[in-house]
Structures are given as C-alpha cells and as structure tokens.
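Q: One structure coming up, written as structure tokens, with questions to follow.
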Amino acid sequence: MKIVVIEDENSIRNGLAKMLPKLDVEYEVTGTAANGREGLELILRTRPDLVIMDIRMPKMDGIAMMKKLREENIKCKAIILSAYSEFQYAQKAIELKADSYLLKPIKIPELKSALKQAEREISEDQGTEQIFSVENIMLACMHAVSYTHLRAHETG
C-alpha cells in the first residue's frame, strides 16, 4: 500500500514515515510533506492508496486539502490526525469521507487498526474495479452472445 504522510510537526511526520514500513512490509511511504499545499501536489504526483494527514497545517489545512481531493475525484483513503477533539473538525472530516479520525498523541493500536481498515477497503475497492473492468464486461457480453446463439440453435 502506497502511503503519503502530510504533517507540519517534523517529529510526527518523520516518526510515521519511519514507523509505517516497520508495522507492515507492504506499507511503502512514497513521500512526506510539511503543509497542505505541498501535500496536495505530492498526492497528485504520486497517487497514493492512503494519505495520513494532519487536520491543521499551514498554507492549506487538511479539510481544505481533502475537499480539493474529492473535487478532483482523487480516490485515496484518508486518515486524519488531530490534536483537537472538537466535534466540528470530526464532523467536517466525516462529510468529506475521511476513513479514520485519530487524536494526537497517536496510539499505536489505534493507528494499526485504522491502517488495517484502510487496507481492507482498498482491497475491496480494487476487487470491485476489477469486476467492472472493460475486459470483464466484454467477456460477459461475449458469453451472453454465445449463450443466446446456442439457445437459438437448440430451439430452431
């Protein structure tokens, strides 16, 4: 799973970037950014599966960045980090379809749980995309035509 970490606190950003691959060898940190504007550019460039982002950052906060991602139809999972337990932040994150909302300081079991949930959803989404791929739709159509043709010969 390709992951981008966007966090203005240097110690948290670097700590997450180092820790994630140790939690699971499949977690690949493809980049980090210190503010929302850099983060948005990084996401558009690398197209990660998951973004772990702070909600309050300079230049562009996490809510504005998520809104932009959703407007651009960028399909990535999002884990929001916040030092604020205020309902308005959580509510806005939910409206923008954040996958998890974790309070700082981050608790490792909660982070692991959020990562596993994101991983499951990404896997399910990829399975659905594969089912509705052009190739699979064409195969289904060909089978339907073959079946219809076969039934016509049997009755005719």
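The values are calculated or read from the model by the stated rules, or taken from the named source; none is laboratory data. Model, not experiment: these values are computed from the prediction. When we count neighbours, we look across all protein chains shown, and the Cβ atoms used for this are built from the backbone with ideal geometry, even at glycine.
Q: Among what's in the stretch 45-61 and is among the hydrophobic types (A, V, I, L, M, F, W, C) and in contact (Cβ under 8 Å) with a residue 40 or more places away in the chain, pick the residue that is farthest from Leu16 (Cα to Cα). Before you say what the answer is, go through the steps one by one.
A: Restricting attention to the stretch 45-61, the residues satisfying the condition of being among the hydrophobic types (A, V, I, L, M, F, W, C) are 50-53, 55, 57, 60.
With in contact (Cβ under 8 Å) with a residue 40 or more places away in the chain added as a condition, the list becomes 50-53, 57.
On the way: Leu50: 13, Val51: 12, Ile52: 9, Met53: 11, Met57: 16 Å.
Selected residue: Met57.
Q: Give me the pairs: first residue in the stretch 87-109 and in a helix (DSSP H, G or I), second residue at pLDDT below 80, beta-carbon distance under 9 Å, and six or more apart or on different chains, which are they?
A: Ala90/Tyr84
Q: Okay, next question. Can you go through Asp61, Asp24, Asp8, Asp54 and tell me which one is touching a Leu at 6+ places or on another chain (Cβ under 9 Å), among the acidic types (Asp, Glu) and farther than 25 Å from Gln126 by Cβ?
A: Asp54
Q: Just name the residue that is surrounded by the fewest Cβ atoms within 10 Å (Cβ to Cβ) out of those in the stretch 112-132 that are in contact with a helix residue (DSSP H, G or I) (Cβ under 8 Å, 6 or more places away or on another chain) and either at pLDDT 90 or above or under 15 Å from Ile80 (Cα atoms) (or both).
A: If we take residues in the stretch 112-132 being in contact with a helix residue (DSSP H, G or I) (Cβ under 8 Å, 6 or more places away or on another chain) and either at pLDDT 90 or above or under 15 Å from Ile80 (Cα atoms) (or both), then Lys112 is surrounded by the fewest Cβ atoms within 10 Å (Cβ to Cβ).
Q: Let me ask something else about it. Of the residues in the stretch 1-58, how many are buried (at least 20 other Cβ atoms within 10 Å of the Cβ) and either of a type in the set (Gly, Ala, Ser) or at positive phi (or both)?
A: Residues in the stretch 1-58 being buried (at least 20 other Cβ atoms within 10 Å of the Cβ) and either of a type in the set (Gly, Ala, Ser) or at positive phi (or both): 3 in total.
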